[in-house]
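The values are calculated or read from the model by the stated rules, or taken from the named source; none is laboratory data. Since the model is a prediction, treat every value here as computed from it, not as a measurement. Because the Cβ atoms are built from the backbone with ideal geometry, glycine has one as well, and the counts that use them run over all protein chains shown.
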Amino acid sequence: MSALLAVRADGFVAPDVSNFWQPIFGDGPWAITRACILFTLSGVVIAWWLLAVTRKLTVVPGRLQYFTESVYGLVRNSLARDLIGSRDFLRFVPLLFTLFVLILLNNFFGVVPPFLFPTMSRIGFPVALMLVVFVTYHYLGIRKHGVGGYFKGMLPSGVTGPLVLFIYPLELLTYFFTRPVTLALRLFGNMFAGHLLLLLFITGGEFLVVESQGFLMKIAGAFSYLMAFVMTMFEILVQFLQAYIFTLLSALYIAGALADEH
Amino acid sequence: MVEEAPRPAAPDEPASEIAAWTVLSYLITGPLLYGGLGYLLDRWLGTQFLVGVGLVGGMALSVYLVSVRYRTR
């Protein structure tokens, strides 16, 4: 009876932050990590894909061209044109398309077998992308309204009297801290947590099935593998969603910087 | 040319989408800023309660700012 219900949990090392530090060449802050290599690879793959597709464009598209046009159309129309407005959206389509495709491919690396590591789970990468967007929307706002006008525009209209003294820092902090930090943190957090969850279910399942005693543990291991499969499907959805949201918010911030009513 | 009366933005128009995310930013920033200030004041003055005052006050200010900014009259 005890053989059925015996629980041996010692020996299982739960996945944690150290699982994300994977230096391939060298060590320390200048190491070439798995994330670096995957990110470079994603750039190469995207460039190769776009060059291959645009080399022979036909009026009646083939499958790859149709797929590429769909992705481009999604970013160009429902993100750039509908949010920024048909007047000046074209300037920003390259940036938004790059952001979307880069984040999407790097996220998908988290579930595709030879790679199995989402590069956006290393905080540096979302931060770098966020900095590009941050500099862009502030530069646009300052160029449109001038430095003084830009900061004066952050004074909310309709707020009376001494409350302005409390509201203005709030508005300022939103523009310079909350927006960029949440932009990067949202992408990082989702990718980090998702990968950690998958690691837990898969390594836990392996431990339960292979290394534990007791029939019940084997069943639990099989259940863990099933959960890993379900969470992988969910993770694919989250990855697409996070890429879309990052690009959406970038377009919104750019649109807000270009807006007249401030 | 007849001018249309201004109507509230439908959910699929960008103005309301911008508003939604901006509201979220305000609701995060208010408690963060004034809770943080409250915490720093607490450390300086040795009190315990100012961080709570900051959090609640910051939230109140955020909600006020959202209501003023996105007033529909």
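Return yes when A:Val132 is surrounded by fewer than 18 Cβ atoms within 10 Å (Cβ to Cβ), over 22 Å from the mean Cα position of the chain (by Cα) and β-branched (Val, Ile, Thr) and no when it is not.
no
Mind listing whichever residues of the stretch A:214-233 are closer than 17 Å to A:Gly110 by Cβ and in contact (Cβ under 8 Å) with a residue 24 or more places away in the chain? Explain how you work it out, then say what you get.
If we filter the stretch A:214-233 for residues that are closer than 17 Å to A:Gly110 by Cβ, which is where we start, we get A:227-233.
Result: A:Met227, A:Ala228, A:Met231, A:Thr232.
For the residues A:Pro126, A:Pro156, the requirement of being touching an Asp or Glu at 6+ places or on another chain (Cβ under 7 Å) and either touching a residue at least 12 places away in the same chain (Cβ under 8 Å) or part of a helix (DSSP H, G or I) (or both) singles out A:Pro156.
Summed over the stretch A:173-200, residues that are within 11 Å of chain B (Cβ to nearest Cβ), among the aliphatic types (A, V, I, L, M) and in contact with a Leu (Cβ under 9 Å, 6 or more places away or on another chain) total 2.
For a quick check of your reading: which helices (runs of 4 or more DSSP H) sit entirely within the stretch A:1-114 and have at least 3 residues that are closer than 24 Å to A:Gly189 by Cβ, at pLDDT 90 or above and under 25 Å from the mean Cα position of the chain (by Cα)?
On the way: elements: A:2-5, A:34-55, A:63-73, A:93-108.
Filter on the stretch A:1-114 gives A:34-55, A:93-108.
I'd like the residue in the stretch B:50-73 that is more than 12 Å from chain A (Cβ to nearest Cβ) and part of a helix (DSSP H, G or I) and, out of all such residues, is surrounded by the fewest Cβ atoms within 10 Å (Cβ to Cβ).
Applying the first criterion (more than 12 Å from chain A (Cβ to nearest Cβ)) to the stretch B:50-73 yields B:50-53, B:55-56, B:72.
Remaining after also requiring part of a helix (DSSP H, G or I): B:50-53, B:55-56.
Numbers: B:Leu50: 20, B:Val51: 19, B:Gly52: 13, B:Val53: 16, B:Leu55: 18, B:Val56: 15.
Within the stretch B:50-73, the match that is surrounded by the fewest Cβ atoms within 10 Å (Cβ to Cβ) is B:Gly52.
In the list A:Ile84, A:Ile24, which residue meets the criterion of being in contact with a strand residue (DSSP E or B) (Cβ under 7 Å, 6 or more places away or on another chain) and either at negative phi or aliphatic (A, V, I, L, M) (or both)? Answer to the check: A:Ile24.
Quick check on my filter: what residues within the stretch A:40-51 are small (Gly, Ala, Ser) and surrounded by 12 or more Cβ atoms within 10 Å (Cβ to Cβ)?
Keep residues of the stretch A:40-51 that are small (Gly, Ala, Ser), which gives A:42-43, A:47.
Within the stretch A:40-51, A:Ser42, A:Gly43 meet the criteria.
Suppose we keep only residues that are within 12 Å of another protein chain (Cβ to nearest Cβ) and among the hydrophobic types (A, V, I, L, M, F, W, C) within the stretch B:33-49. Which one would you say is farthest from A:Arg179 (Cα to Cα)? Result: B:Leu37.
Which one of A:Ala257, A:Ala193 is in a helix (DSSP H, G or I), crowded, with 19+ Cβ neighbours inside 10 Å and of a type in the set (Gly, Ala, Ser)? Lay out the reasoning, then the answer.
Working: A:Ala193 fails: crowded, with 19+ Cβ neighbours inside 10 Å.
Among A:Ala257, A:Ala193, only A:Ala257 is in a helix (DSSP H, G or I), crowded, with 19+ Cβ neighbours inside 10 Å and of a type in the set (Gly, Ala, Ser).
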